[in-house]
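Here is the structure we will look at.
The values are calculated or read from the model by the stated rules, or taken from the named source; none is laboratory data. Everything numeric in this text was worked out from a predicted model, so none of it was measured. Because the Cβ atoms are built from the backbone with ideal geometry, glycine has one as well, and the counts that use them run over all protein chains shown.
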Amino acid sequence: MFSLLAVNLTEASFSETPGPALVLVLLTLAGWLVLAPVIAEKQRRAIVLTALWVPFWTWGYALDRFREGDTPTRVGVVSIAAGLLIVAVVAGIALVKSRANLRPATRGLNVAAIAAVLLALLNAGNQMRAHRPETTAGPAAPAAAASEDAPDLYYFIFDAYTSADHLAAVFDHDNGPFLDELRKRGFFVAERSRSNYTTTLPSLASTLNMEYHSEQNMWWLYHEDEAAWKTHMQNGVLNSEVLRVLKQRGYEFVTFESVGIPSLEEKADRYIVPDKRTLTEFQRVFVKRTPLRHVAYALIDAKTPLWYFHSLDQLPELKTPGRPLFAFVHVLAPHAPHSFDENGRAVEDVPFREGYRGEVRYINKRILETVDAILRRNPNSIFVIQGDHGPWTEWSEDELRGKKRPELPVYLRDRLAILNAFYFPNGDYADLYPEISSVNTFRAVFDANFGMELPLLEDVSWTYEPEEDRILEVTEPL
């Protein structure tokens, strides 16, 4: 568990480990008590229990080798269950019948286990110290008095939400009725919009700073220290130019705990934490590696939509009288793994395209409900509803079978096409156009609503081309 944490510290934290650790302790205690009537000798019982942990930890890896699309087959589940159980039982019987003195082996296993835990904790601690994001970017600009007529600003990021064209071509879903509903409410929909980068952190950092990353920083990802690169991108999100401008104008910054992005708690005037009766993303990965995956989602994670959508539920109530609001809302959907259907009901192990399509349909309903609720309270509100990148469809369907990245044009269309919709209360959409990319989002927002006269940048996307080992600039239509 701590080894898993150590390699995911840029997306997870130690606060997510007590629950899994307690489960492991209770399972170990239960196994110890169950085996006690059968195996009286403590050393022998301990080694048998250790042998039983092998199928427990290899269950998820093995099960994911028997998949049909993104769903484990029934034959695969039965075969793996039978095979791992046979291995564990045979090993247990052999140990029980053995007459060998097992005390030296028990001591060796204890030492190895303690050493493994300490090394994992040490690695995690080193990662935290080496790659802790900076939370300041120099002296803060003084906050100006907020104008009474300043519009509220709501920035929604739905992770991996693609364009209408791509939804129709790949997911057999017509998103036209949803976009038409947005237009009826006065939105401008940029139907051919694209992200400038193919993953969340560089995309968000670029959008929130209204600038492209240097090619050197992009190169860093593939040839140097990935954790340090992520930290650099996190700092771009935490210390963004957009947040600096809005704070200087007296805006109250409200955001919510999410996953897949750095915590903005220290930057926020109000930081809202969701109901914790569901699993975090780190805990979901932990559970998915074990047989617990078959019960945890049903018993604990039935409220997954609450984890994703707690922010939308609260947004209409967040306005502080007399002060403009900037709400940053990141929702890890329709990004995989897909955990709810088009009605918001929890699901598990659905085929990728079916799961993605269901989440988009539910998200669309919630977006319209939220927009309507906010506009009823305050028509003087700006909305940006955006995907940070596309869904990575081809890789997601076959990543566990070892399929390589698809052909470049397919990959670019899949990863760069995004949802992008704007609502300006003054109706000034002169800077917007169907192909606008995310780097120009707040240049357009600030120009139309604050008169900042920021020039728009050329719309360019960037990705790494492994076959030629180079950073690729993409300017042609997707």
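For the stretch 228-241, name all the residues that are assigned to a helix (DSSP H, G or I) and within 22 Å of the chain's Cα centre (by Cα). Show your work before the answer.
Residues of the stretch 228-241 that are assigned to a helix (DSSP H, G or I), as a first pass: 228-238, 241.
Passing the criteria: 228, 229, 230, 231, 232, 233, 234, 235, 236, 237, 238.
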Of (1) buried (at least 21 other Cβ atoms within 10 Å of the Cβ); (2) modelled with pLDDT under 75, residue 255 satisfies all except one. Which?
-> (2)
Scanning the stretch 325-370 for residues that are under 29 Å from residue 267 (Cα atoms) and part of a strand (DSSP E or B), the one farthest from the chain's Cα centre (by Cα) turns out to be 325
Counted residues in the stretch 146-205 being part of a loop (DSSP other than H, G, I, E, B) and acidic (Asp, Glu) come to 6
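In the stretch 242-260, which residues are more than 26 Å from the chain's Cα centre (by Cα), outside any loop (DSSP other than H, G, I, E, B) and among the basic types (Lys, Arg)? Lay out the reasoning, then the answer.
Of all residues in the stretch 242-260, those more than 26 Å from the chain's Cα centre (by Cα) come to 245, 247-251.
Going one step further and asking which of them are outside any loop (DSSP other than H, G, I, E, B), we end up with 245, 247-248.
Of everything in the stretch 242-260, just one residue is more than 26 Å from the chain's Cα centre (by Cα), outside any loop (DSSP other than H, G, I, E, B) and among the basic types (Lys, Arg), namely 247.
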Within the stretch 188-205, residues being out of contact with any helix residue (DSSP H, G or I) (no Cβ under 8 Å at 6 or more places or on another chain) and modelled with pLDDT of 95 or more number 2
Of all the residues that make up the stretch 33-54, how many are in contact with a Lys or Arg (Cβ under 7 Å, 6 or more places away or on another chain), assigned to a helix (DSSP H, G or I) and farther than 17 Å from residue 107 by Cα?
-> 1
Exactly one of (1) at pLDDT 95 or above; (2) closer than 17 Å to residue 156 by Cβ; (3) out of contact with any Phe, Trp or Tyr (no Cβ under 7 Å at 6 or more places or on another chain) is unmet by residue 327. Its number?
-> (3)
In the stretch 238-257, the residues that are hydrophobic (A, V, I, L, M, F, W, C) and over 14 Å from residue 452 (Cα atoms) | 238, 243, 253, 254, 256
Has the stretch 404-412 got any residue that is modelled with pLDDT of 85 or more and either assigned to a loop (DSSP other than H, G, I, E, B) or not assigned by TED's automatic domain parsing to the domain that holds residue 159 (or both)?
-> no
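Conditions tested, residue by residue: (1) in a loop (DSSP other than H, G, I, E, B); (2) at pLDDT 75 or above.
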site: 266; (1), (2): yes, yes
site: 285; (1), (2): no, no
site: 297; (1), (2): no, no
site: 310; (1), (2): no, no
site: 315; (1), (2): no, yes
site: 323; (1), (2): yes, yes
